[in-house]
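One structure is given here, and the rest of the page talks about it.
The values are calculated or read from the model by the stated rules, or taken from the named source; none is laboratory data. What you see is a predicted model; the values in this text were computed from it and never measured. Note: ideal-geometry Cβ built from the backbone for every residue, glycine included; neighbour counts use all protein chains shown. To get the accessible areas, we keep the full protein, side chains included, count just its heavy atoms, and leave off ligands, DNA and RNA. Shrake-Rupley method; radii C 1.70, N 1.55, O 1.52, S 1.80 Å.
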Amino acid sequence: MALCVYTAQLDNKWRETATALDTTMKSRDPLGRVFAPDDPRMVFRLKRGQLSPAAYRTWYLTVLRRSYRELRGHWDTVLARPVVVLLCYCRPAQFCHRHVLAETLTTLGAAYRGEILADGRIVVPHG
């Protein structure tokens with residue numbers, strides 16, 4: 001059975017659940033940090049509008065490819081799970097790395113099921 005991937009904004013409700021994976025640079029979870037952006041300047045530039053989402057995506061995909069090559073076992077650990085909820089602090093409607101990571105995991109056989117909103121509703125991706 002393929003990994004089912006969800007995304008959500010990180011809050012205390014998610015922080016301690018078994019399916020949660022905090023993918024922020026400040027994550028206390030070493031597994032989550034494997035998938036975190038590695039340069040805070042890139043994140044800040046995106047949030048300030050100084051970097052386009054396309055440029056950020058290109059940069060972050062480079063980070064993920066390197067991570068996949070160097071830390072493949074960690075990727076396999078996540079891919080072996082039945083469900084994962086990728087977390088970061090960005091708002092649900094905002095472009096961010098958790099969505100790029102979800103797309104990347106789908107290329108490795110996972111199924112992206114959507115963004116979980118604060119009220120529990122799931123916004124299913126189009127396409």
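Could you please find all residues in region 86-118 being in a loop (DSSP other than H, G, I, E, B) and farther than 17 Å from Leu10 by Cα?
Restricting attention to region 86-118, the residues satisfying the condition of being in a loop (DSSP other than H, G, I, E, B) are 89-96, 108-110, 117-118.
Residues satisfying the conditions are Leu108, Gly109, Ala110.
Here's the yes/no breakdown for (1) basic (Lys, Arg); (2) modelled with pLDDT of 95 or more:
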site	(1), (2)
Arg57	yes, yes
Tyr60	no, yes
Ala80	no, yes
Val84	no, yes
Pro92	no, no
Phe95	no, no
Tyr112	no, yes
Glu115	no, no
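Which of the residues belonging to region 66-81 are assigned to a loop (DSSP other than H, G, I, E, B) and either among the aromatic types (Phe, Trp, Tyr) or loosely packed, with under 14 Cβ neighbours inside 10 Å (or both)? Can you show your working first?
Just the residues of region 66-81 that are assigned to a loop (DSSP other than H, G, I, E, B), to begin with: 71, 80-81.
Across region 66-81, the qualifying residue is only Ala80.
Please go through region 27-65 and give me each residue that is surrounded by 11 or more Cβ atoms within 10 Å (Cβ to Cβ), farther than 17 Å from Val85 by Cα and charged (D, E, K, R), ordered by number.
Matches in region 27-65: Asp38, Asp39, Arg45, Lys47, Arg57, Arg65.
What about Ala18, is it open to solvent by 70 Å² or more (accessible area, probe 1.4 Å), at negative phi and without any contact (Cβ under 8 Å) to a residue 24 or more places away in the chain? Walk me through it before giving the result.
Values: open to solvent by 70 Å² or more (accessible area, probe 1.4 Å): yes; at negative phi: yes; without any contact (Cβ under 8 Å) to a residue 24 or more places away in the chain: yes.
Answer is yes for this residue.
With the requirement that a residue be surrounded by fewer than 19 Cβ atoms within 10 Å (Cβ to Cβ) and either aromatic (Phe, Trp, Tyr) or closer than 11 Å to Ala20 by Cα (or both), what does region 82-95 give you? Quick ask: steps written out before the conclusion?
First pass over region 82-95, keeping only residues surrounded by fewer than 19 Cβ atoms within 10 Å (Cβ to Cβ): 82-83, 89, 91-95.
Hits for region 82-95 are Val83, Tyr89, Phe95.
Show the residue pairs meeting these rules: Cβ distance below 9 Å; 6+ apart or different chains; first residue within region 104-127 and at positive phi; second residue among the hydroxyl-bearing types (Ser, Thr, Tyr) and surrounded by 12 or more Cβ atoms within 10 Å (Cβ to Cβ).
Gly114/Tyr6; Gly114/Thr7
Just to be sure before I move on: is Val63 within 21 Å of Tyr112 (Cβ to Cβ), touching a residue at least 60 places away in the same chain (Cβ under 8 Å), not basic (Lys, Arg) and not in a loop (DSSP other than H, G, I, E, B) in the structure I sent? Give the steps one after another, and end with the answer.
Working: within 21 Å of Tyr112 (Cβ to Cβ): yes; touching a residue at least 60 places away in the same chain (Cβ under 8 Å): no; not basic (Lys, Arg): yes; not in a loop (DSSP other than H, G, I, E, B): yes.
Answer is no for this residue.
Identify all residues within region 58-78 that are closer than 13 Å to Thr23 by Cβ and aromatic (Phe, Trp, Tyr); write none if there are none. Before you say what the answer is, go through the steps one by one.
Of the residues in region 58-78, the ones closer than 13 Å to Thr23 by Cβ are 60, 63-64, 67, 74-75, 78.
Result: Tyr60, Trp75.
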